[in-house]
Structures are given as C-alpha cells and as structure tokens.
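The values are calculated or read from the model by the stated rules, or taken from the named source; none is laboratory data. Keep in mind the model is a prediction, meaning the values are calculated, not measured. Neighbour counts run over all protein chains shown; Cβ positions are idealised from the backbone, glycine included. In case anyone asks, the SASA skips ligands and DNA or RNA and just uses the protein heavy atoms, side chains included. Shrake-Rupley method; radii C 1.70, N 1.55, O 1.52, S 1.80 Å.
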Amino acid sequence: MTSTTAPTKPTALVTGANKGIGRETARQLGRLGMTVLVGARDDERGERAARELREEGLDARFLRLDVTRQDTVDQAAAEIGRDFGQLDVLINNAAIVESGEVPSETTVATAEHIYRTNVFGVIAVTHAMLPLLRAAEAGRVVNLSSRLASLRKAADLDAPHRSLLAYNSSKAALNSLTLHYAREFADTPLKINSVTPGAVPTDLSGHQGNRTVEEGARTVVRLATLAADGPTGGFFDDSGPVAW
Ligand code: NAP
C-alpha cells in the first residue's frame with residue numbers, strides 16, 4: 001500500500017476476503033464507496049481478488065493477513081495505521097470447518113486447529129485493530145458467526161441440528177466474544193455484532209446452501225454500516241435477532 005495521511009473515505013478490512021462471503025462483502029462495501037482491504041493469507045489469492053475488485057472500479061487493496069500468525073496481524077495493523085491512521089470497519093470473516101465431524105470423535109488437535117482460526121484469530125485481529133477502530137468516528141466490527149452457534153437451537157434435542165463439535169462451539173465462543181467486547185465499549189461509538197449469513201454455497205459449506213453469496217454478504221454489510229442509533233452486542237440474520 002502507498003502512504004497517505006487523512007483518509008477521505010471510510011476504510012474497511014475484511015479477513016479471509018479472497019473468496020466466498022468475504023470477497024462479496026468486500027465488493028459490497030467497496031460499492032458503498034469504502035476503501036476495502038482484502039485480507040488474505042495467500043499473496044496470490046489475495047492479490048487476485050483485490051485486482052478483480054479493482055477491475056470492477058472499486059478501491060480494493062490486498063493486505064497479507066493470516067489470522068493465526070501474529071506477525072502478519074501486527075504487520076497489517078501497522079500498515080493500516082501508517083496508511084490510514086484509523087479503521088472504520090472490521091469484518092472478522094476468516095474461518096475454517098471440518099465438515100465430517102462427529103462430536104465423540106473430534107480430537108483435541110482438530111478442536112485446537114479450528115479454534116486457532118475461528119476464535120483466537122478473531123481475538124488477535126480485533127485486539128490489533130482496536131486502537132485504529134477507536135480512532136475512527138464510528139467503528140463497526142462484524143463477527144461472522146453461524147446458526148450452528150446457537151445454544152438455544154442445540155439445546156432442543158428433538159429438533160434437527162448439525163452437531164459439528166469444534167466448529168459450532170468455536171462460533172458460540174465467537175458470539176461470547178461479541179458480547180464481551182460490546183459490553184466493554186458500550187459507552188463509546190464502537191459497535192460490535194455477530195451475524196449469520198445463512199446457508200451459502202461456498203468452499204466452507206461444501207457448496208451447500210439456499211442463499212446466494214450476495215444475500216449472505218448483504219446482512220454483513222448492513223451491520224457494518226449501522227447508524228449511531230443501531231444495536232451493539234447482538235446476533236442477527238437478515239430478518240432480525242437470532243437466539244444465542
Ligand atoms: P470460504 O469461501 O471457505 O472462505 C473462507 C475464507 O477464510 C477464505 O478466504 C480462507 O482463505 C479464509 N481463511 C481461512 N483460514 C484463514 C486464516 N488463517 N487467515 C486468513 N484467512 C483465512 O467460506 P465462507 O462460507 O465464505 O465463510 C465466510 C464466513 O461465513 C465464515 O466465518 C463462516 O464460518 C461463515 N458462515 C458461512 C456459512 C455458509 O453457509 N457458507 C454459514 C454460516 C457462517 P483461503 O482461501 O486461503 O483458505
């Protein structure tokens with residue numbers, strides 16, 4: 001990225017933005033006039049996605065960011081600080097899943113692997129970006145959760161529910177992070193919410209789902225662009241609050 005001083009338009013960082021819902025979220029934020037930082041762990045995939053968005057006329061830049069690698073997290077925060085001095089929107093989107101999980105067979109190694117990205121990665125990125133988000137006039141953080149995170153749904157043992165032990169509990173932990181950050185910053189302009197994009201056919205979902213990537217991203221963008229009187233510390237889909 002090249003050096004600038006005071007930004008003239010909002011800046012948004014999307015983690016895991018080289019494909020899927022993350023890339024589409026970056027696209028929709030870009031169309032709203034934001035500078036979008038396409039966070040990706042792989043240079044080639046990240047550059048390609050950012051180039052694709054630039055070819056659509058958007059202000060998109062690749063930012064190397066592996067959420068499990070503190071050095072890249074620190075470097076990304078330093079670059080944003082140097083180039084923009086603030087961050088208006090953080091979308092914690094990057095995540096992984098092990099789709100064949102059976103609860104009693106999930107190993108500690110699998111759980112650690114998934115938590116490293118889906119939970120610890122979010123903590124690392126959020127903490128690194130918080131000073132930049134607080135420097136913005138109205139910082140917004142959106143955590144990509146899932147309906148599978150819902151404890152209320154899991155607690156209904158008679159209803160069908162896909163029990164992916166490590167993934168579902170990692171997203172429940174993510175929802176808990178949302179609440180605790182929201183409590184800490186409740187008296188500030190910063191808003192932090194969780195969102196479920198619905199079932200969207202992507203690599204992560206094994207290309208299963210009844211919603212388009214555009215529909216999934218739209219809900220994320222709505223929470224990323226909340227007005228000052230909008231909610232914080234909530235869990236939403238596109239029709240409103242979702243049971244925790
Ligand atoms: P996806 O297409 O598989 O995209 C996942 C993204 O995360 C990819 O860009 C991937 O990068 C990136 N990523 C994984 N580990 C990373 C790491 N350590 N550092 C940086 N980036 C990393 O999946 P998606 O469906 O769009 O998922 C986006 C979010 O929506 C996830 O949080 C997911 O849990 C949530 N969600 C999705 C659905 C659904 O139906 N699709 C439903 C509910 C919730 P690489 O290309 O390098 O692997």
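Return yes when Arg218 is modelled with pLDDT of 95 or more, over 21 Å from Leu133 (Cα atoms) and within 15 Å of the chain's Cα centre (by Cα) and no when it is not.
Numbers: modelled with pLDDT of 95 or more: yes; over 21 Å from Leu133 (Cα atoms): yes; within 15 Å of the chain's Cα centre (by Cα): yes.
The answer is yes for Arg218.
If I go through the range 198-224 residue by residue, how many of them are in contact with a strand residue (DSSP E or B) (Cβ under 7 Å, 6 or more places away or on another chain) and either open to solvent by 10 Å² or more (accessible area, probe 1.4 Å) or under 14 Å from Ser239 (Cα atoms) (or both)? Steps first, please.
Within the range 198-224, the first condition is being in contact with a strand residue (DSSP E or B) (Cβ under 7 Å, 6 or more places away or on another chain), and the residues that meet it are 198, 219-220, 223-224.
Next, only the ones that are either open to solvent by 10 Å² or more (accessible area, probe 1.4 Å) or under 14 Å from Ser239 (Cα atoms) (or both) stay: 198, 219-220, 223.
The number of residues fulfilling the criteria is 4.
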Among the residues of the range 150-167, write down those that are of a type outside the set (D, E, K, R) and either modelled with pLDDT of 95 or more or open to solvent by less than 10 Å² (accessible area, probe 1.4 Å) (or both). Ser150, Leu151, Ala154, Ala155, Leu157, Leu164, Leu165, Ala166, Tyr167
Selection from the range 168-197 of residues that are open to solvent by 20 Å² or more (accessible area, probe 1.4 Å), more than 18 Å from Ala224 (Cα to Cα) and within 14 Å of the ligand (Cβ to nearest atom): Ser169, Ala172, Ala173
Which of the following residues is away from the ligand (no atom under 15 Å from the Cβ), touching a strand residue (DSSP E or B) at 6+ places or on another chain (Cβ under 7 Å) and among the aliphatic types (A, V, I, L, M): Val89, Val38? Val89
Hey, among the residues in the range 77-124 that are in a loop (DSSP other than H, G, I, E, B) and loosely packed, with under 15 Cβ neighbours inside 10 Å, which one's nearest to the chain's Cα centre (by Cα)? Ser99
Checked pairs for the range 116-135, first closer than 16 Å to Gln75 by Cα and small (Gly, Ala, Ser), second within 14 Å of the ligand (Cβ to nearest atom) and outside any helix (DSSP H, G or I), C-beta under 7 Å and 6 or more apart or across chains, list as Gly121/Val67; Gly121/Thr68; Gly121/Ala94; Ala124/Val67
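Please indicate, with yes or no, whether at least one residue in the range 96-109 is within 30 Å of Ala227 (Cβ to Cβ) and either aliphatic (A, V, I, L, M) or in contact with a helix residue (DSSP H, G or I) (Cβ under 8 Å, 6 or more places away or on another chain) (or both). Lay out the reasoning, then the answer.
Pass one, the range 96-109, residues within 30 Å of Ala227 (Cβ to Cβ): none.
So far as the range 96-109 goes, no, none of its residues is within 30 Å of Ala227 (Cβ to Cβ) and either aliphatic (A, V, I, L, M) or in contact with a helix residue (DSSP H, G or I) (Cβ under 8 Å, 6 or more places away or on another chain) (or both).
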Please enumerate the residues belonging to the range 18-52 that are among the β-branched types (Val, Ile, Thr), open to solvent by 10 Å² or more (accessible area, probe 1.4 Å) and either outside any helix (DSSP H, G or I) or modelled with pLDDT under 95 (or both). none
Counted residues in the range 65-118 being among the polar types (S, T, N, Q) and in contact with an Asp or Glu (Cβ under 7 Å, 6 or more places away or on another chain) come to 2
When you look at Arg147, is it within 14 Å of the ligand (Cβ to nearest atom), open to solvent by 60 Å² or more (accessible area, probe 1.4 Å), under 24 Å from Thr225 (Cβ atoms) and not polar (S, T, N, Q), yes or no? yes
Tell me, yes or no, whether the range 53-72 has at least one residue that is on the phi > 0 side of the Ramachandran plot, open to solvent by less than 70 Å² (accessible area, probe 1.4 Å), free of Cβ contacts under 8 Å to residues at least 24 places away in the same chain and out of contact with any helix residue (DSSP H, G or I) (no Cβ under 8 Å at 6 or more places or on another chain). yes
So for the range 158-167 (the condition being within 9 Å of the ligand (Cβ to nearest atom) and in a helix (DSSP H, G or I)), does at least one residue qualify? yes
